[in-house]
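Notes follow the structure.
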Amino acid sequence: MNKKNSPIDEQIEKINQQLAKILGKKDNNNLDNNLSSSKFILLLIINLLLLWCITGFYFVGSNQYAIFYKNGKMIDIIKGVKIGFTYPIPFGDYQLINANLGDTLSINTNRKEWKLSKDLKPLKVTVIFNYKINNIKKFYENFGFVQDTNKLIFLLFNMQLREYIASKDSNVLVHNSLIAQGNEFRDTLNKQFEVYGINISKLYFEMLTVIDNDDNFKEKNDIIKKYKQELKLLNLAIKKDKNIAKNELNANKYPLLTLDLEGLKNILESNTLNTESGNHRNLDRVVIRERVFR
Amino acid sequence: MKKLILLFIIILLILSIAIFRVRDNQVAIIKKYNGQVFVKHNGLHFFIPFLERIYFIQLYKNYRVVEVPYFNNKDSYLLQLLVEFKINDAINYFKLVDVNSKAVFLEKFDDKIRKIVIKGLHKNIVDLNNSKVLFNDIAFDQMGVVINYIAIYNISNSKYEDTQHVLESLYNNASKIKVDLIK
């Protein structure tokens, strides 16, 4: 019994035929037009070779360095803009690096990072500097591809800064010209950093301040001693009679105890103590600000 | 012939997956399916895909800041040390990091540095402040690293900071007494 094909069946038949063609079924009518097997293989190999050669194509943009490798060994470094061919994968490859490696950084020491001078005085230092990677080969050989260059430079710089501060007395650091000291420190740094391919182009000290000294440390301890004394007296008064102690507190017999924490901290910081005799004492602080350039 | 072409393409694909290069200042650790590890240095190498795994380890300079408390004539100081180190035995390093983790490695590393500094450093604070590099060329063989140098990164004198903390604790104590008194 003959069954008439529906349009859907015809479409499926067409798709089947096309798939068979793709998978290699030969069309009996076009046998003569087909390429011979050897020609086909030759074409395929040439195409594959071409594709492989293209893997050696490179483009280095402006503000970029390219580091070239052959069998994993660094062979060349070029700066863009350049287009060309190198050894194809896996024999050769290249890595692009940003050529504008450099930044302006500042170090502002906080309480935990005060630098001790040669005479062991803690100094607050604010220094601003500008660095540039001027020899990418040296830099790369030492550190490889650094994720955070600023962090690395900061570490190396901070170590050198401590050494510089520790090599001089606080009087010299505070009273000498900040410009001259900045230049001197910059020259020292550039000698040290030359092996890393790093150059410090600008450097200036914005602040070099002696934070504290043994004299005003003694003053601070005196405030603490007075506070402890008042606390002791208050405790004794409470033991005798709570009401009397309360009245004494209200009558401002314990001036330090009546202050809040901020008030106490201010006294400690400014070293100004309102003593019983009413005298104010201020300790001199040496603060020097000098702007070298902007 | 078609079978040959197919075979050629499959071989090419497997080769392209199996080949890898190791750059300068880098080593590749190949970990076999049975846990055995071996190291490959600079150049082109092969591995067996799916049965072996590759880990690349960089041999560049690394930096780490380690904090060590230091006491000198009753005064306490906080030493911050800058340690420059390199991995010199990739297998030992890898075994440690692979079994534990990088965090455990760094913890052990810090402990070792602290022990060396506390044991070997008998300087007064003036000499210490004037020092640059404290120790040179130390090998941590079991960890697979070599220390190029341990230098002073910073010294902070806690003497000048303590006053704030002492005053704060005294204030808290006084506040409690005052509250009790008002009740």
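The numbers here are math on the coordinates, done by the rules we state, and not lab data. Computed from a predicted model, the values in this text were never measured in an experiment. Cβ atoms come from the backbone with ideal geometry, glycine included; neighbour counts cover every protein chain shown.
Tabulated results
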| read-out | value |
| --- | --- |
| Qualifying residue in region B:161-168 (condition: more than 9 Å from chain A (Cβ to nearest Cβ) and part of a helix (DSSP H, G or I)) | yes |
| Residue in region B:130-153 that is aromatic (Phe, Trp, Tyr) and within 11 Å of chain A (Cβ to nearest Cβ) present | yes |
| Residues of region B:106-131 satisfying the condition of being assigned to a loop (DSSP other than H, G, I, E, B) and of a type in the set (Gly, Ala, Ser) | B:SER131 |
| Number of positions in region B:9-28 that are more than 16 Å from A:PHE91 (Cβ to Cβ) and surrounded by 14 or more Cβ atoms within 10 Å (Cβ to Cβ) | 4 |
| Test: residue in region A:154-162 that is within 9 Å of chain B (Cβ to nearest Cβ), free of Cβ contacts under 8 Å to residues at least 12 places away in the same chain and either hydrophobic (A, V, I, L, M, F, W, C) or not in a loop (DSSP other than H, G, I, E, B) (or both) | yes |
| Members of region A:114-152 found to be closer than 25 Å to A:GLN181 by Cβ, part of a helix (DSSP H, G or I) and away from chain B (no Cβ under 11 Å), listed by number | A:ASN150 |
| Residue satisfying condition, being away from chain B (no Cβ under 14 Å) and in a strand (DSSP E or B), within set A:TYR94, A:TYR65 | A:TYR65 |
| Selected residue (criterion: farthest from B:LEU44 (Cα to Cα)) from residues of region B:6-21 that are β-branched (Val, Ile, Thr) and at the interface with chain A (Cβ under 9 Å from one of its Cβ atoms) | B:ILE9 |
| Selection count where residues are within 14 Å of chain B (Cβ to nearest Cβ) and aliphatic (A, V, I, L, M), scope region A:75-91 | 3 |
| Residue within region B:29-52 that is of a type in the set (Val, Ile, Thr), in a strand (DSSP E or B), within 14 Å of another protein chain (Cβ to nearest Cβ) and crowded, with 17+ Cβ neighbours inside 10 Å present | no |
| Every residue from region A:228-243 that is farther than 12 Å from B:ILE177 by Cα and within 7 Å of chain B (Cβ to nearest Cβ) | A:LYS228 |
| For B:ASN92: the one exception among (1) at the interface with chain A (Cβ under 10 Å from one of its Cβ atoms); (2) part of a helix (DSSP H, G or I); (3) not β-branched (Val, Ile, Thr) | (1) |
